[in-house]
Amino acid sequence: MAKKENKFAEYDISTQAVHTGTDYDQETGAVRRPLHMANSYKLPDDLSQVNYSSTDLLMYARNGNPNQHWLEEKIAALHGAQDSIVLASGVGALHALFWTLLETGDRVIYPNVSYMAVYRMFHELFNKKFGVETVMVDMTNLEEVKKAITPGTKLVHIETPDNPTNGVTDIAEIVKIAHENGAIVSVDNTFASPLNQRPLDLGADFVIEAITKYINGHGDAQGGAIISNDLETMNRIRYEAQVNVGSVISPFNAWQIFRGSVTFPLRMQRINESSQRIAEWLEKRENVTFVSYPGLSSNPGHEVAKKQMKNGYGGVISFGLNTDDKTVERFCAALKVVTFAVSLGHDESLIFPQPSYDERILLYPKKFRNGFVRFSVGLEAVEDIIKDLDQALKQVGL
């Protein structure tokens, strides 16, 4: 579909979150976008020019749907970008990008600390199935990246802050190293969100957001987005990964995320503020062995985070407890306000232990290998969250 001009580009991100992608419903005059659950659309009378694998015409839901297109306008606006593609999940978006960019014999550099699905894709799938050379490095260490990159490197993939240790990668410096060697840079921005960090402004070629998380913000819909100014490659992604592989988002999920995105900047600012206070409180606890949060001056990546994260440091706090896996699980189960569940970016706070028997734990810095917890801060009163953490720690003797 033809991209619409963002009429609100000059306005603040909060105003864009409310207005971009919205319009009056042409049939009823409603001021809310309708939900179109159709999977098939009327074709033009002349079919001679129709490309059934393109997305430039509404014809079948796999080729795109109106709710998807309206959400794509909004996601692009939040990043100040020319285009975005919204797909079925964050992992679907990552796979769509890698699937489109990479060919047999290409070389990829990616973080030794990254989301599990990225680890699986590069460590197991792309190299074994498709002959792509995949190399893990510590992305927070620029010298390691310089040693690993070669003129034949096709892609450098960044995740910052990374999942689950909250390591901070210097996007602008990695972009400089990569581009000097002819490589493309993609950045998973999920932990930061576009309120706090816009990697395209720092020179990245592609950004991925799991919009299931902060942009939706309500824990009730799944989606992922690829954001870029490279319109030619974005069209390839639509053709190769959306239409002909089928990673399309459902109209209902797109509609829900569109609704949730309106309040995203307000929610994110509240989460930023609460997370900073909770991280500072956790640092003072006797049996907390470490707190990893980019907003803390003690975080090794704090100065880089200050440079590239503009409105706050996100809603995920990684911390360690001086105890074993089972006690960590008991601590999580003892919480009353905080929910013991996977995911992040919801309205409710979520907590999830990172067990010492996870095979990836040996890739993390040593302090993360015991009693490690990933905590996603929600919208509850910060005093209530702190009180809940305190009572649960005491309940398990910490």
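The values are calculated or read from the model by the stated rules, or taken from the named source; none is laboratory data. Since we're looking at a predicted model, the values are computed, not measured. Positions of Cβ are backbone-derived with ideal geometry, glycine not excepted, and every protein chain shown enters the neighbour counts.
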Picked from segment 152-185 (must be among the charged types (D, E, K, R) and part of a loop (DSSP other than H, G, I, E, B)), the residue nearest to Asp230 (Cα to Cα) is Asp170
Identify, from the list Ser343, Ser356, the residue that is of a type in the set (S, T, N, Q), modelled with pLDDT of 95 or more and in the same structural domain as Glu283 (by TED's automatic domain parsing).
Ser343
Among the residues of segment 264-281, is there at least one that is part of a loop (DSSP other than H, G, I, E, B) and outside the structural domain of Val137 (by TED's automatic domain parsing)?
no
What single numbered condition from (1) buried (at least 22 other Cβ atoms within 10 Å of the Cβ); (2) more than 25 Å from Ser89 (Cβ to Cβ); (3) of a type in the set (D, E, K, R) fails to hold for Arg238?
(2)
Within segment 289-310, can you find the residues that are without any contact (Cβ under 8 Å) to a residue 60 or more places away in the chain and over 20 Å from the mean Cα position of the chain (by Cα)?
Val291, Leu296, Ser297, Ser298, Glu303
Would segment 110-117 turn up any residue that is aliphatic (A, V, I, L, M), surrounded by fewer than 22 Cβ atoms within 10 Å (Cβ to Cβ), within 21 Å of the chain's Cα centre (by Cα) and assigned by TED's automatic domain parsing to the domain that holds Val175?
yes
Is one or more of the residues making up segment 324-337 touching a strand residue (DSSP E or B) at 6+ places or on another chain (Cβ under 8 Å), in a helix (DSSP H, G or I) and among the small types (Gly, Ala, Ser)?
yes
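Yes or no, residue by residue, for (1) under 23 Å from Ser228 (Cα atoms); (2) assigned by TED's automatic domain parsing to the domain that holds Ala254; (3) surrounded by fewer than 18 Cβ atoms within 10 Å (Cβ to Cβ); (4) among the charged types (D, E, K, R):
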site: Met37; (1), (2), (3), (4): no, yes, yes, no
site: Tyr52; (1), (2), (3), (4): no, yes, yes, no
site: Thr55; (1), (2), (3), (4): yes, yes, no, no
site: Met59; (1), (2), (3), (4): no, yes, no, no
site: Pro66; (1), (2), (3), (4): yes, yes, no, no
site: Leu71; (1), (2), (3), (4): yes, yes, no, no
site: Ala76; (1), (2), (3), (4): yes, yes, no, no
Restrict the check to segment 325-346 and report whether at least one residue is under 22 Å from Asn112 (Cα atoms) and crowded, with 20+ Cβ neighbours inside 10 Å.
yes
Just give me the residues in segment 359-375 being assigned to a helix (DSSP H, G or I) and either at pLDDT 90 or above or under 19 Å from Arg330 (Cα atoms) (or both), in sequence order.
Phe368
Return the only residue of Gly378, Gly320 being in the same structural domain as Asn299 (by TED's automatic domain parsing), surrounded by 19 or more Cβ atoms within 10 Å (Cβ to Cβ), in contact with a Phe, Trp or Tyr (Cβ under 6 Å, 6 or more places away or on another chain) and at pLDDT 95 or above.
Gly320
Selection from segment 209-247 of residues that are β-branched (Val, Ile, Thr) and at pLDDT 95 or above:
Ile211, Thr212, Ile215, Ile226, Ile227, Thr233, Ile237
Just checking, how many residues over segment 13-34 are touching a residue at least 60 places away in the same chain (Cβ under 8 Å), under 22 Å from the mean Cα position of the chain (by Cα) and in a loop (DSSP other than H, G, I, E, B)?
1
